[in-house]
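The structure under discussion appears below in the form of structure tokens.
The values are calculated or read from the model by the stated rules, or taken from the named source; none is laboratory data. Nothing here was measured: the structure is a model prediction, and the numbers come from that model. Positions of Cβ are backbone-derived with ideal geometry, glycine not excepted, and every protein chain shown enters the neighbour counts.
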Amino acid sequence: MKVQYFCLAFLSFIIGGSKAPASSAIDPTLLSGNISLTLQKGVWKLWQEKPVYQNITLDLVCIQGQCEPEVWGYAPQFNKDVDHRGAVTVTRLDNTWQLQVKMKIQSHPWQKTPLQDADYAIEILPHKGKLIGSYSGRFNDRTLRGKVNGISAPYWPKPIANHQPVKPRDHPRLIFRRDEVPTLREKAKTPAGQAILARLNQQLKEKVYYEGYVPNGGYHAAGHCFLSLLNDDKQAAETAWVHIEKSMEEPGRRIFEQGPIVAGVAIAYDLCYNSWSNERLRTVTRWLAGKILWLTNGDTPTRGWNSNPWSNWSARARSAAGLASLAILDEPDEFFLDGLMSADSQK
């Protein structure tokens with residue numbers, strides 16, 4: 001039985017014959033926000049030589065039925081230690097909402113097991129504030145089908161009062177905004193400000209590590225860039241650039257070391273933006289763009305990568321990628337040259 005007929009038959013049974021809205025066009029506003037769809041028995045694995053089926057929940061971001069391509073999957077009863085990544089395509093949006101989802105299922109964060117492909121064809125209808133329907137698919141050499149239940153929630157974060165959107169080439173922007181610089185300069189003259197600056201200068205005289213578990217070259221660059229901005233000191237910006245070049249030359253052996261390097265370089269880039277030449281900015285922009293891809297995609301278990309959302313690996317990688325993304329947001333196209341460098345070219 002084709003999935004669409006299976007879905008409509010199921011919906012008619014649940015909703016109640018002639019009350020089923022299948023013949024009416026779906027209101028696309030009901031398919032907006034953060035959408036979670038739970039596929040009944042969507043994954044399985046052997047347990048004591050018998051197949052055990054578990055649900056998988058897919059998280060999507062959609063606007064009036066059109067979705068961002070990335071989708072994340074969670075099957076905590078299948079494996080609570082990992083999440084799963086995939087892509088979604090909307091194949092139909094009229095009297096039903098049909099999605100095609102392709103997932104890469106990771107069985108274990110540490111064992112050398114290959115990712116497994118999962119394909120799902122999903123058909124959905126909004127009903128009484130929820131999303132109901134069915135799916136058919138294939139995973140681990142088995143054909144699967146079952147019910148789908150879902151919910152939608154408003155986008156997060158919610159709008160912030162008096163927020164001023166970042167404009168192209170508007171720096172600094174990560175820790176404080178450009179219009180706050182005069183106030184910071186006044187605060188630097190206070191006893192508390194002087195004590196903070198004395199501590200910063202002391203830290204900047206300590207040894208710089210470009211390798212190891214916590215490379216701090218990028219953070220040293222950020223410290224010098226802060227002094228450059230605060231004191232309008234061009235030499236501090238030059239000192240920072242030396243640390244930036246060395247940090248980019250020693251990018252870290254694993255993602256675990258990549259995180260602090262990228263975070264420090266991103267903050268330095270933001271603070272020294274108006275002191276460096278366009279050539280330097282272009283160089284760092286391209287470097288950060290490539291690192292964002294690698295940090296976001298993650299790595300392989302053979303290199304120690306732990307995709308568990310609450311692991312220290314994810315904290316380092318995803319937070320650094322977020323800082324770098326905000327740092328280079330809306331930069332001129334020429335800064336990227338041929339576009340984002342691939343993650344593979346950065347390894």
Only one residue in P159, P215, P182, P168 is outside the structural domain of T57 (by TED's automatic domain parsing) and under 17 Å from V284 (Cα atoms). Which one?
P168
Right, A87: under 27 Å from S307 (Cβ atoms), surrounded by 14 or more Cβ atoms within 10 Å (Cβ to Cβ) and touching a residue at least 40 places away in the same chain (Cβ under 8 Å) or not?
no
If you take the residues in the stretch 187-229 that are hydroxyl-bearing (S, T, Y) and closer than 24 Å to N312 by Cβ, which one is farthest from the chain's Cα centre (by Cα)?
Y209
Subset of the stretch 168-191 [exposed (fewer than 10 other Cβ atoms within 10 Å of the Cβ) and either among the small types (G, A, S) or under 28 Å from V61 (Cβ atoms) (or both)]:
P168
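Per-residue answers, yes or no, for (1) under 23 Å from the mean Cα position of the chain (by Cα); (2) of a type in the set (S, T, N, Q):
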{"position": "T89", "(1), (2)": "yes, yes"}
{"position": "P114", "(1), (2)": "yes, no"}
{"position": "I122", "(1), (2)": "no, no"}
{"position": "P126", "(1), (2)": "no, no"}
{"position": "D179", "(1), (2)": "no, no"}
May I ask you to list the residues in the stretch 79-109 that are farther than 26 Å from I26 by Cβ and out of contact with any Phe, Trp or Tyr (no Cβ under 8 Å at 6 or more places or on another chain)?
N79, K80, D81, V82, K104, Q106, S107, H108
Of G73, G137, the only residue that is at pLDDT below 95, in contact with a Ser or Thr (Cβ under 8 Å, 6 or more places away or on another chain) and in a strand (DSSP E or B) is G73
Failed condition for L337, given (1) touching a Pro at 6+ places or on another chain (Cβ under 8 Å); (2) loosely packed, with under 15 Cβ neighbours inside 10 Å, with all others met?
(1)
Of the residues in the stretch 191-225, those that are in contact with a helix residue (DSSP H, G or I) (Cβ under 6 Å, 6 or more places away or on another chain) and either of a type in the set (V, I, T) or under 20 Å from G259 (Cβ atoms) (or both) come to V208, Y210, V214, P215, G217, G218, Y219, H220, A221, A222, G223, C225
Does A317 satisfy the condition of being under 25 Å from N201 (Cβ atoms), in contact (Cβ under 8 Å) with a residue 60 or more places away in the chain, in a helix (DSSP H, G or I) and not hydroxyl-bearing (S, T, Y)?
no
Subset of the stretch 116-152 [more than 20 Å from K41 (Cβ to Cβ) and surrounded by fewer than 16 Cβ atoms within 10 Å (Cβ to Cβ)]:
K128, G129
